[in-house]
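Read the structure below first, then the notes.
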Protein chains: 2
Amino acid sequence: MRTNHFVMADSSWPGFAKSLKGVILDLCGVLYDSGEGDGVAIPGSIEAVKKLKESDLQLRFCTNETQATREKFVAKLRRLGFDISASEVFPPAPAAMAVLKDRGLRPHLLIHDGLLPEFDGVDKNNPNCVIIGDAAENFSYRNLNEAFRVLIGLEKPVLFSLGQGRYYKETDGLKLDVGVYMKALEYACDLKAEVIGKPSPTFFQSVLNDLGLQPHEVLMIGDDLLNDVGGAQHCGMKGVQVRTGKYRPSDERHPTVMADGTVDNLAQAVDMILNQRGH
Amino acid sequence: MRTNHFVMADSSWPGFAKSLKGVILDLCGVLYDSGEGDGVAIPGSIEAVKKLKESDLQLRFCTNETQATREKFVAKLRRLGFDISASEVFPPAPAAMAVLKDRGLRPHLLIHDGLLPEFDGVDKNNPNCVIIGDAAENFSYRNLNEAFRVLIGLEKPVLFSLGQGRYYKETDGLKLDVGVYMKALEYACDLKAEVIGKPSPTFFQSVLNDLGLQPHEVLMIGDDLLNDVGGAQHCGMKGVQVRTGKYRPSDERHPTVMADGTVDNLAQAVDMILNQRGH
């Protein structure tokens with residue numbers, strides 16, 4: 001019998017629930033499944049977010065979403081029924097803008113059209129770095145060649161990748177994520193990309209700073225074992241995986257990353273945490 | 001002064017020329033530059049091939065070309081003015097067909113339309129492996145997602161890559177090569193591809209078998225430091241790089257691979273070899 005199946009039936013789980021002061025939720029695959037239009041909310045997740053907001057736990061949302069501006073993305077979540085505001089959501093693009101300004105870099109962008117407005121305020125002439133996000137249909141042969149030529153033409157090529165996910169699930173099936181194209185350009189140019197987004201410790205730390213909490217006081221809940229759970233654990237947080245979104249059964253026997261708990265969905269995770277805290 | 005510049009002026013170079021019994025030539029970037037239509041012959045290369053054929057050296061051509069069938073590819077070379085026949089040319093696709101038959105595999109193909117006829121004779125229903133070649137425009141977001149879904153759906157995913165080049169030069173600029181997409185799918189599926197083509201030792205050995213020669217009796221001349229020169233040296237052959245095609249000056253200070261000689265072009269290499277042999 002696997003440990004996580006055992007602890008599912010154990011009323012003392014999760015043992016760390018009483019010491020928590022904050023929760024960070026991934027979005028896609030935890031709150032909703034993306035796809036045509038706005039996608040669909042995962043059953044029970046709207047109520048689960050509501051319960052967390054009514055509890056004494058602080059709540060933030062940390063996502064590698066890069067197909068839309070934060071503003072449009074949050075508007076979509078609100079249309080799906082979630083009570084979420086932009087200031088609670090941490091995506092990679094605003095963090096990337098901060099890095100560009102800090103280091104005086106001018107980007108060549110290979111990103112989704114919907115994300116372009118996030119980079120309105122930066123000089124893109126004569127680029128000295130490349131930024132890739134989850135560009136979806138924009139990951140064409142032509143656009144990849146173009147990004148490659150910019151990089152190979154630089155004396156010191158700098159590649160930023162907004163996340164490093166392998167794939168994600170949409171309502172019509174699995175799709176390759178930005179990490180796959182990051183690896184492609186890394187190999188083509190013989191370089192190592194700088195990841196902005198999960199599982200970068202810098203990125204998680206910016207959320208912890210906003211919460212004003214220490215890592216051991218915070219739980220991350222996500223569907224991605226490596227980028228959500230492993231990334232959070234690497235920073236000293238607890239990490240719980242949901243069996244929705246990109247979850248695959250083989251995640252529960254991963255050779256190096258073991259979640260602090262695995263639950264069927266967000267609703268179950270929230271009920272167990274709040275029950276344990278005596279709500 | 002760099003060694004290869006010194007030896008260029010040294011009448012005793014190449015010191016190994018007298019012991020040679022055979023020469024293997026790469027094609028694209030050595031004999032011609034690809035691009036619109038048939039591309040263009042590199043100056044002096046047509047005459048250089050003629051001189052080698054008239055010498056006492058055996059000659060073969062070893063290429064990672066996968067945008068056309070061997071038949072059509074050789075016809076193009078002949079139109080460019082090269083006296084070459086199909087039986088002298090070793091590309092990856094026929095080698096891949098042999099592997100498929102040997103192991104009873106049914107491929108999902110992500111290759112250039114021009115290469116499809118090479119795989120006419122194999123069952124492609126219910127695929128249990130994926131083959132990628134230099135698919136060029138066929139490396140679309142949609143086609144990559146499709147190849148990924150086939151692989152991730154297999155209990156034991158098998159990915160064959162026809163070569164592992166990073167990029168090549170066409171008349172309108174550098175283009176990403178199949179190795180880049182191989183790395184992308186390797187990362188997506190957490191697997192290691194099997195390379196069919198240069199620098200695979202199995203692939204070089206098939207050419208040596210056809211020549212009936214030992215590795216130390218054979219020289220490989222190519223524009224790709226890692227796949228041509230390094231690959232041949234790994235098999236015990238000599239390897240010379242030409243400063244045409246995808247050659248870059250930084251190749252001459254590569255940390256791990258050093259060519260047995262670097263020459264401006266094929267014509268210069270052939271003249272030096274034949275002079276040294278007293279022709």
A:Leu154 to A:His216: FRET efficiency via 1/(1 + (r/R0)^6), r the Cβ-Cβ distance, R0 45 Å, to the nearest 0.05?
-> 0.65
Stokes-Einstein translational diffusion, the protein assembly as shown - Kirkwood Rh over all Cα pairs, 1.306 mPa s, 10 °C, in µm²/s | 61
Across bins of 10 angstrom width beginning at 0, how are the C-alpha pair distances of segment A:105-187 distributed, in whole percent?
-> 17, 52, 26, 5, 0
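Note down the relative contact order for segment B:72-188 as a percent, whole number, built from C-alpha pairs under 8 angstrom at least six residues apart.
Details: 148 pairs, mean separation 23.1, N = 117.
Once divided by the residue count of segment B:72-188, the mean separation gives 20 percent.
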Relative to the longest principal Cα axis of chain A, at what angle does helix A:201-211 sit, 0 to 90 degrees, rounded to 10?
-> 50
For helix A:70-79, what angle does its Cα long axis make with the longest principal axis of chain A, in degrees from 0 to 90 and rounded to 10?
-> 40
At A:Asn128, with labels set 7 Å past Cα in the Cβ direction, how many nm apart are the copies from this one, shortest first?
-> 5.5
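Return the Rg/Rh value of segment A:1-132, two decimal places, where both radii are evaluated on C-alpha atoms and Rh is the Kirkwood radius. Kindly include the intermediate steps, with their values, before the conclusion.
Details: Rg = 18.6 Å, Rh = 17.2 Å.
Result for segment A:1-132 is an Rg/Rh of 1.08.
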With label points set 7 Å from each Cα along the Cα-to-Cβ direction at B:His234 and B:Ser55, the distance between them in nm comes to 2.6
Please build a GNM for chain B, connecting alpha carbons under 10 Å apart, and tell me which residue among B:Gly163, B:Gly22, B:Gly104 fluctuates the most.
-> B:Gly104
Sorted from shortest, what are the nm distances separating the label point of B:Ala98 from equivalent points in the other copies, each placed 7 Å from Cα along Cα to C-beta?
-> 5.8
Formal net charge of residues neighbouring A:Leu226 (Cβ-Cβ distance under 15 Å; K, R +1; D, E -1) | -3
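Calculate the tail of P(r) for segment B:136-224: the fraction of all Cα-Cα distances greater than 15 Å, expressed in %.
On the way: 2635 of 3916 pairs.
Roughly 67 percent, once rounded to a whole number.
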Take every residue in peptide A:187-200, count the Cβ atoms of other chains within 10 Å of its Cβ, and give the average of those counts.
-> 2
Tilt relative to chain B, helix B:178-189 - C-alpha long axis, 0 to 90 degrees, to 10 = 40
List the aspartates and glutamates whose alpha-carbon lies under 17 Å from that of B:Lys183, not counting same-chain residues fewer than 8 positions away?
-> A:Asp177, A:Glu186, A:Asp190, B:Asp134, B:Glu146, B:Glu194
Note: A:132-142 gets an average of partner chain Cβ contacts (10 Å, Cβ to Cβ) equal to 3
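Relative to 2.2 N^0.38 Å, what does the C-alpha radius of gyration of chain B come to as a ratio? Two decimals please. The partial results should precede the final answer.
On the way: Rg = 18.9 Å, N = 279, 2.2 N^0.38 = 18.7 Å.
Computed over Cα atoms of chain B, the ratio equals 1.01.
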Considering only the label points, 7 Å along Cα→Cβ from Cα, what distances in nm to one decimal separate A:Gly212 from the same position in each other copy, shortest first?
-> 8.6
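With an 8 Å Cα cut-off and a minimum separation of 6 or more residues, compute the relative contact order for segment B:59-132 in percent. Before the final figure, lay out each step's value.
Numbers: 92 pairs, mean separation 25.9, N = 74.
Once divided by the residue count of segment B:59-132, the mean separation gives 35 percent.
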If you count the DSSP beta bridges with both ends in chain A, what percent of them are antiparallel, to the nearest 5?
-> 20
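For segment A:220-264, with all protein chains present and a 1.4 Å probe, just round the carbon and sulfur fraction of the accessible area to a whole percent. Each step should come with its number before you reach the end.
Values: 870 of 1720 Å².
The C+S portion of the solvent-accessible surface of segment A:220-264 is 51 percent.
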Interface area, A with B, accessible, probe 1.4 Å, both sides summed, Å² nearest 100 | 2800
If you bin the C-alpha pair distances of segment B:80-144 every 10 Å from 0, what whole percents do you get?
-> 18, 47, 27, 8, 0
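Specify, per residue and in Å³, the volume enclosed by the convex hull of the alpha carbon atoms belonging to segment A:152-274. Numbers along the way, then the final one.
Values: hull volume 16.6 nm³, N = 123.
Cα convex hull per residue, to the nearest whole number: 135 Å³.
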Output the relative contact order of chain B, whole-number percent, from Cα pairs under 8 angstrom with separation of 6+ residues.
-> 22
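Over 24 Å between Cα atoms: which of A:Lys101/B:Lys169; A:Lys192/B:Lys238; B:Lys53/B:Lys76; A:Lys124/A:Lys175; B:Lys72/B:Lys192; B:Lys50/B:Lys72 fall into that group?
On the way: A:Lys101/B:Lys169 35 Å; A:Lys192/B:Lys238 32 Å; B:Lys53/B:Lys76 19 Å; A:Lys124/A:Lys175 29 Å; B:Lys72/B:Lys192 31 Å; B:Lys50/B:Lys72 21 Å.
As for pairs spanning more than 24 Å Cα to Cα, those are A:Lys101/B:Lys169; A:Lys192/B:Lys238; A:Lys124/A:Lys175; B:Lys72/B:Lys192.
Mind checking the mean number of beta-carbon atoms from other chains within 10 Å of the Cβ atoms in A:144-156? Before the final figure, lay out each step's value.
Working: counts 7, 10, 1, 1, 7, 5, 0, 0, 4, 1, 0, 0, 0.
Across the residues of A:144-156, the mean count of other-chain Cβ atoms within 10 Å is 3.
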Hey, what's chain A come to in accessible area per residue, 1.4 Å probe, Å²?
-> 42
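The values are calculated or read from the model by the stated rules, or taken from the named source; none is laboratory data. Because the structure is a prediction, the values reported are computed rather than measured. Note that we place each Cβ from the backbone using ideal geometry, even for glycine, and neighbour counts take in every protein chain shown. Keep in mind that these areas ignore ligands, DNA and RNA; they rest on the heavy atoms of the full protein, side chains included. Shrake-Rupley method; radii C 1.70, N 1.55, O 1.52, S 1.80 Å.
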